[in-house]
Amino acid sequence: LSFVTLARQGTIAVLTILLNNMLINYGDALDVAAYGIISRMLMFALFPVIGVNQGFLPIAGFNFGAQKYDRVKESIIISIKYSGILALCIFAVIMIFPSSIVSIFISNSEGMDATTLANNEEILRRTPNALRWVFAATPVIVIQLIGASYFQAIGKATPALLLSLTKQGFFLIPLLFILPPFFGVWGIWIAFPIADILSTLVTGYFLHKAVRKQLQ
């Protein structure tokens, strides 16, 4: 099952390369810099949600192995509930204070030349709106994370792998080829929430089906 994590990280690496190329083709270096800030926010802002997810894995796996299915269902509900609350808080902060968050990553010291200062100001202008779009579906992605982890916890490697790749591999990467030719850089940013919603719908369907079938 460690292959699930390996495949996920490999897909993220491919996605990063693709995103940088797309941003250069449809935007410029400042858009790449904006994504650099956003990617760091994706890494750090979702740590609490990922923490709940990591705690869910051994609990669900142990209770499933012990055939204590009520506890497995309870752990799914509790994990989705509390990670959802955390995700909603993260969503609210990013929607309300995007400019303040972006400014943390930008230095405007007195020793900088006029070109660098102008570039920083442009990054500060562009990034908040992009940040909002990338995190627009944050409250719902907990279902995708917990759903994929459930199959990993019970030893179902194939569905765990496929569901863990739904966002980046099956939806986001194709959307990056479809949307930017029509919408430019904005198409890159809106691909994120669309991929989040689609992957959540797919994972939610299979999670609901598995719970009804396996946890009776």
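Suppose we keep only residues that are small (Gly, Ala, Ser) and more than 14 Å from the chain's Cα centre (by Cα) within the range 14-50. Which one would you say is surrounded by the most Cβ atoms within 10 Å (Cβ to Cβ)?
Here the answer is Ala34.
With (1) within 20 Å of the chain's Cα centre (by Cα); (2) surrounded by 14 or more Cβ atoms within 10 Å (Cβ to Cβ) as the list, and Ala60 as the residue in question, which single condition is left unmet?
Every listed condition holds for Ala60 apart from (1).
Among all residue pairs at least 6 apart or on different chains, which show Cβ distances below 7 Å where the first residue, located in the range 148-177, is in contact (Cβ under 8 Å) with a residue 12 or more places away in the chain and the second is open to solvent by 20 Å² or more (accessible area, probe 1.4 Å) and of a type in the set (Lys, Arg)?
Ser164/Arg8; Leu165/Arg8
Any idea which residue in the range 140-163 is farthest from the chain's Cα centre (by Cα), counting only those that are open to solvent by 40 Å² or more (accessible area, probe 1.4 Å) and either basic (Lys, Arg) or closer than 23 Å to Ile188 by Cβ (or both)?
Looking at the filtered set, the residue picked out is Lys156.
Could you list all residues from the range 183-216 that are of a type in the set (Phe, Trp, Tyr) and either at pLDDT below 95 or in contact with a Leu (Cβ under 8 Å, 6 or more places away or on another chain) (or both)?
Phe192, Phe206
State whether one or more residues within the range 57-77 are at pLDDT below 95, more than 28 Å from Tyr35 (Cβ to Cβ), touching a Gly at 6+ places or on another chain (Cβ under 7 Å) and aliphatic (A, V, I, L, M).
no
Suppose the filter is in a helix (DSSP H, G or I), in contact (Cβ under 8 Å) with a residue 24 or more places away in the chain, out of contact with any strand residue (DSSP E or B) (no Cβ under 6 Å at 6 or more places or on another chain) and surrounded by fewer than 20 Cβ atoms within 10 Å (Cβ to Cβ); does Arg125 pass it?
No, not satisfied.
The values are calculated or read from the model by the stated rules, or taken from the named source; none is laboratory data. As the structure is a prediction and not an experimental result, all values here were calculated from the model. Positions of Cβ are backbone-derived with ideal geometry, glycine not excepted, and every protein chain shown enters the neighbour counts. Side chains included, ligands, DNA and RNA excluded: accessible areas come from the protein's heavy atoms. Shrake-Rupley method; radii C 1.70, N 1.55, O 1.52, S 1.80 Å.
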